[in-house]
Structure formats: structure tokens, C-alpha cells
Amino acid sequence: MGIDLESSLDSLKGVGEKTKQTFQKAGIENLRDLITHYPRNYECFEAPKQISSLQEGEVAAVAAQPLSPLATRYIRGLSISTVLCSDGSDSLVVTWFNMPFLKNQIRSGVTYVFRGRIKAKGQRLLMEQPAVFHVEQYNGLCGAMRPVYSLVKGLTSQMVQKAVRQVLAQKSLLQDYLPEEYRARYELSEYNFSIEQIHFPKDHHAMLLARKRLVFDEFFFFILQLRSLKSVREKSESHFHIQPSKRTTQLIEHLPYTLTGAQMRVWRSIEEELQGSSVMARLIQGDVGSGKTIVSILALIMAADSGYQGALMVPTEVLARQHYDSICELTRQNGFPFETVLLTGSMTAKQKREAYEKIASGEASIIVGTHALIQEKVVYHSLALVITDEQHRFGVRQREMLSLKGETPHTIVMSATPIPRTLAVILYGDLDISVINEMPSNRLPIKNCVVNTGYRKKSYEFIRKQVEEGHQAYVICPMVEESEAIEAENVVEYTEVLRNELPPGIVVEYLHGKMKPSMKNEIMNRFLLNEIQVLVSTTVVEVGVNVPNATVMMIENAERFGLAQLHQLRGRVGRGSAQSYCIFLHAMDGKQIKERLDILCKSNDGFEIANRDMQLRGPGDLFGVRQSGMLDFTLADIYTDAAILQQANEAANEILKEDPQLQLPKHQRLKAHFELLIRHQDDHLNL
């Protein structure tokens, strides 16, 4: 008998109200959320290396002796304990912050195993904040894979491990819902085994088996959702009588630039479909900066000119505000009689109420906002067109919920994620695909360089010169250390370093995902207004705002990102008339790393880069080199797992062809699980 995975977390021993609330901050509401809160990485305890073979950027263990007692000094209340260690091959400086008690625990002349990340300071390597083990203790850990989870303040990996172990101890979680023939055909492990081995793998092979099965499931259910969306749409006739609009022609003629051939081709196909008898469902794919937004604005104007409403949903409040301002400006300049309203989560209750009233009465023709557009309180008057920008930031269910606000409205989905066409056909299976494959003629190609950390000082100097010429710069840091505020600590620390390196007149600020939305909005707005010259950020700027004045993108530890994501980050610059530059800094050397990053130097074409990324990725890249937030997936990566995606698509097509409603007895468990997942998504969207 399986356990009830919908049970609350406080059904676990040792989880009281306070601990439950801490888990909830991480999005873990019940036991199902807990067991699907997969590790983001594993700590692998490998045999100690010789100090002489260490490389900057790697996490390694060394068996070495302190050559003297620890020396502790204090700077502004921060204790820094340092010791020089040697293993006979070379020496290494080891440093700890705020751990003065180690002075009494680590003795000179005794061999310990120190495990941590290697950093460089001038010509010297050092290890900061390592874990310390006795040799026998470390030997007992060798070969083990300890899960490392994404955390929030107050939640530790140990707390998650302990809770997950309690659930797994109850053995069978549920009967496998995937038909046996598909598990055999695609060599997929059993579900309960997979959940146990993804959290606590007995070895690397078991983890890969578990991951393959869970990745298959993610893709499979995603595709089932797409198919159900498609079947609804295919049966739908358009209820809207949208007419050709002279105002769209006027807008095109009065733009301060000429639309590219690709933009015009895509616009003509949308214009034709909006007038047709069937409901349009179209994906516009195009590189960052290729001009997808103006095409979507033309569609909104066309719908409004026929007396209907159009909604544009974007992933961030700052981006929503920017789109809102530009649409208001375009309609004002051209004398169009359409009212545009903005709707975001941080607006006051009064502002929201006024927006709701204008939307419900039909006074507002164009509605721009974040996922606030799909909240229950929003009632549309005559929603004929729904546009979702940066689709990979929204789930299929969110897109569907916005569509359900109208009477099967036309849908446009925009994506700057460069996905090879073979995969796009599967991932956007409910949509027809249009590609904008030309860049505006006024855009200068970005100049790129791939360098190691020895060029960091020169890069800072280059940023200083660009700022002095009136431009701005982004510096991207990856999430690396396991800590209770992973992103924040890295970025805050780096910001301090950069403030010391650059002249005092240059304003350097940071941005990371753990900040409150209001603070993120404030920082991005200040950057937009050039009140901040250098923005140090995690990948949250990937879906950012248009800052034409930003000319430098510097990416630290570039080897930790997928090529497609690096290309998207690079797309934050090169949006104005000035020459822009991208500096890819890699901390780990190696022929393969440089070869991979050099692809970005040779091409600014996102689709070519995505294809190369797909060819280059292998099982060794499962962790560390991942796309960020790609589509709905937790474990799955469309590049590394392209073959599994194609298998899941094949299986879904076969099952639905035989049994479209999943009514056969052999598909009952599958159907029940699918319906439960949909309910689960809805619950999370309503939180």
C-alpha cells in the first residue's frame, strides 16, 4: 500500500509549524513536492589530489599538513584564519572566515584532508572555507554522492535529506503508472527506485538510471499537456471577426526604422491568420534583439482596431512596464484611440481595482502585465488575442489559463530561446512555428572574446573605459557555492571587489533572484536610467529589459553555463547603435572548455549555436552546465536530453493514437497521475 503523497509535511516526525513554513518558502507544500525537490547537484568525494595538479575553479580534496598553527586576524569584525599547508608536491594557503575556533582543532604536523574550491590570488593558489576531515574519516566517504539541494534561508541540505529519507523509508510510494512495454523499450527504471536513487544514489550509474527515468516522465507529461491543448484548439473555430487594419500599415510606415524582410514575412502570416475562420496558435522564434516585440504590437493594434482586447504577458514587472510605456508612446504618436493598461503584482490594491474595471468594461483594449493577468479577479470583456513573451519562463498551464480567460482567443507565443527546429516541433507541438532569422540592419555584430582569469584586470580596465565613454556594463556570476543564500553571497561579495577595482564615481550594484520583486524592479529601473553603470547579477537578467546604452557583458565562470544560455545573456547588449562587447571568462582551463566557448566567438546566430550545443553535450554535463529555467523542466535539459525528449514524444504519440482519452484499463494509472499533476500545477499557480 503506497503512502499519500498529498499529505502535509507536518505528517513527518520532527516537522513542526516553523519547519513546515521554512519548507514552504522553498515551494515545498506536501510530500509530493518534497520527493520531487530533486538535488541540484551532488557532492562527490573523490580521492585527494596533489597540490601541484590543482586548477583554479575546481572543487578538490588534498591530503596535507599545516606547516604552522593557524593565524587569525580580524578585519571590521570578520575573523580570517589562515594556514600554509603542504603535501610534498607543493604548498597551498587555506583560509576560513568567521571560524576562529578551528585554531584549537587543527594542529601543525598532522595530515588532514581539506576539501573546497580552488581560487587564485596572483601567482598563488588558495582554498577558501574548506571542509576538514581526518584521513580515515575521508576514506570512508570516498566514492559517496551526497545530494546538494536548492535552499532558502533557514533550510539546510541536512533538513531536506532527513525529511526525504523519512518518506522513502515508507517504501513503495506509488504503483508505476508508465506501461511496462514502454519501460522495457526505452530501458527506464521503476519509479520508486528512481526517486530513491536520484536523492541518494548508490553510485554514478544508479543516479544516471534514475535521472533518465525522471527526465522521461517530465518530457512525457509535458507533451501530453501540449497534445490536450492542441486537440482543444483544432476543434475551435474563431469567434472573432478581425478585419484588416489601416492603423497597422500607418504604424509600420511611421516607425523610425524599417522592418526586416523576416519581420514583414512573419507579420503578413499573422495578419492573414487573425482574419481566418480558425483559431491561430503560433510561435514566433527569433534571437534576442531580432524584433519580435514590434510584430506582436502590430497584432495587438489589429485586434484593438476591430473592437477586441489583446493581452501581452511577460515574465518580469520591469519588462512589463517597459512594454507598456513603449505601446503607450506608439499609440500616442500615431493618434490611435486605444487605451492600454498595466497589471502587475506589485501595484497597489487601488491601482489593480482600476485596471480590473477598465478590463471588464472593455475600456482597455490592450492589457500588458505579468502572470497577474491570469489571476481569478481579472475578467476580460472581449479577449481575442493572447501573447506570451519569453515563453520558456511560463508553464504550459499558465499559458493555457490565460487563453481560458477568453472564448478560445488567438495565441502568439514568443521565444528568444534558440532551440533546434527538430526539438522545437516537439516542445511547441501545439503551435505553428515562424522564425525571424534576420537582425535589424542598424545593429552592429557583438565583438566576443574568450579568456582565462589572468585577463580579469584587463577586463575591469576595459569596463572602466566604456563607462567613461558614457556606456554601461553587466557582469554575470554563476551560482556555485552551497550556502543558505547561494546567489546573494556570490554576487554581493563580487560587487564589493568590483567597487574597489573601479573608480569611486562608477556606481556598481547587484541583482539576484533572492531579492524582493520591488527591490529587483528598483535596481533594473536605476540601471535603465544609467543611475547604475555596472550591474553585477546572476542569470536573472537573462529575461531583462532593453538597455541600449549597455555595451559590455562580462560573464564569470562561463564554462558553467550552456552555450544557448550564454548566447541569451550576450543578447542583453548590442541593442543600441554603439559597438558592444562580450567577455567570456573561464576559471578552468582545458582544450574542451575553450573549444566549446570559441563557438560563441565564431557565431552570433543562436540557432547555429543551439545545434552545436546539442552535439557537444554529453552525460558528463548533467550538472553544472545547465540552461536556466528552460520551459517547465526541473531535471530535464533539452540539449543534453534531446534523445530522451524524442523517445518521450514517440511514446506519447503512440499511446494517444491508440487511446486518445486514456480510457483503456491499462492506462488508468497513467490517466490518474496525469490529472493529479494538472491539479498540482493549478494549486501552485493559485498560491
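The values are calculated or read from the model by the stated rules, or taken from the named source; none is laboratory data. Given the structure is predicted, the values throughout are model-derived calculations rather than measurements. Virtual Cβ from ideal backbone geometry, glycine too; neighbours counted across all protein chains shown.
I'm checking my understanding of the structure. Among residues of segment 602-631 that are part of a helix (DSSP H, G or I) and in contact with a strand residue (DSSP E or B) (Cβ under 9 Å, 6 or more places away or on another chain), which one is modelled with the highest pLDDT?
Across segment 602-631, the extreme among qualifying residues is 602.
Going through segment 347-377 one residue at a time, which ones are within 21 Å of residue 518 (Cβ to Cβ), loosely packed, with under 14 Cβ neighbours inside 10 Å and not charged (D, E, K, R)?
Passing the criteria: 348, 349.
Yes or no: residue 64 more than 28 Å from the chain's Cα centre (by Cα) and modelled with pLDDT of 95 or more?
Judged against the criteria, residue 64 is a match.
Residues being more than 20 Å from residue 413 (Cα to Cα), of a type in the set (Val, Ile, Thr) and touching a residue at least 60 places away in the same chain (Cβ under 8 Å): count how many of those fall in segment 233-259.
Of the residues in segment 233-259, 1 are more than 20 Å from residue 413 (Cα to Cα), of a type in the set (Val, Ile, Thr) and touching a residue at least 60 places away in the same chain (Cβ under 8 Å).
Taking residue 646, is it in contact with a helix residue (DSSP H, G or I) (Cβ under 9 Å, 6 or more places away or on another chain), closer than 26 Å to residue 207 by Cα and modelled with pLDDT of 85 or more?
yes
Filter segment 355-392 down to the residues that are of a type in the set (D, E, K, R) and modelled with pLDDT of 90 or more and list them by number.
If the condition is that a residue be of a type in the set (D, E, K, R) and modelled with pLDDT of 90 or more, then 357, 358, 363 are the ones that fit.
Residues in segment 157-164: is at least one under 25 Å from residue 674 (Cα atoms), of a type outside the set (Phe, Trp, Tyr), at pLDDT 90 or above and surrounded by 14 or more Cβ atoms within 10 Å (Cβ to Cβ)?
Checked against the condition, which is being under 25 Å from residue 674 (Cα atoms), of a type outside the set (Phe, Trp, Tyr), at pLDDT 90 or above and surrounded by 14 or more Cβ atoms within 10 Å (Cβ to Cβ), segment 157-164 yields at least one hit.
Taking only segment 37-87 into account, find how many residues are closer than 30 Å to residue 5 by Cβ, of a type in the set (Ser, Thr, Tyr) and part of a strand (DSSP E or B).
Residues in segment 37-87 being closer than 30 Å to residue 5 by Cβ, of a type in the set (Ser, Thr, Tyr) and part of a strand (DSSP E or B): 1 in total.
Out of segment 519-537, which residues are in a helix (DSSP H, G or I) and either surrounded by fewer than 20 Cβ atoms within 10 Å (Cβ to Cβ) or within 20 Å of the chain's Cα centre (by Cα) (or both)?
Once the filter is applied, which keeps residues that are in a helix (DSSP H, G or I) and either surrounded by fewer than 20 Cβ atoms within 10 Å (Cβ to Cβ) or within 20 Å of the chain's Cα centre (by Cα) (or both), segment 519-537 yields 519, 520, 521, 522, 523, 524, 525, 526.
Among the residues of segment 139-194, write down those that are aliphatic (A, V, I, L, M) and not in a helix (DSSP H, G or I).
144, 145, 148, 151, 152, 155, 169, 173, 174, 178, 188, listed by residue number.
Would you call residue 590 among the small types (Gly, Ala, Ser), under 19 Å from residue 477 (Cβ atoms) and modelled with pLDDT under 90?
Judged against the criteria, residue 590 is not a match.
For segment 85-99, state whether one or more residues are charged (D, E, K, R) and either closer than 30 Å to residue 213 by Cα or under 30 Å from the mean Cα position of the chain (by Cα) (or both).
Within segment 85-99, not a single residue is charged (D, E, K, R) and either closer than 30 Å to residue 213 by Cα or under 30 Å from the mean Cα position of the chain (by Cα) (or both).
Rundown of residues vs (1) outside any helix (DSSP H, G or I); (2) over 26 Å from residue 492 (Cα atoms); (3) out of contact with any Gly (no Cβ under 7 Å at 6 or more places or on another chain); (4) modelled with pLDDT of 90 or more, yes/no style:
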residue	(1), (2), (3), (4)
551	yes, no, yes, yes
559	no, no, yes, no
573	yes, no, yes, yes
582	yes, no, yes, yes
600	no, yes, yes, yes
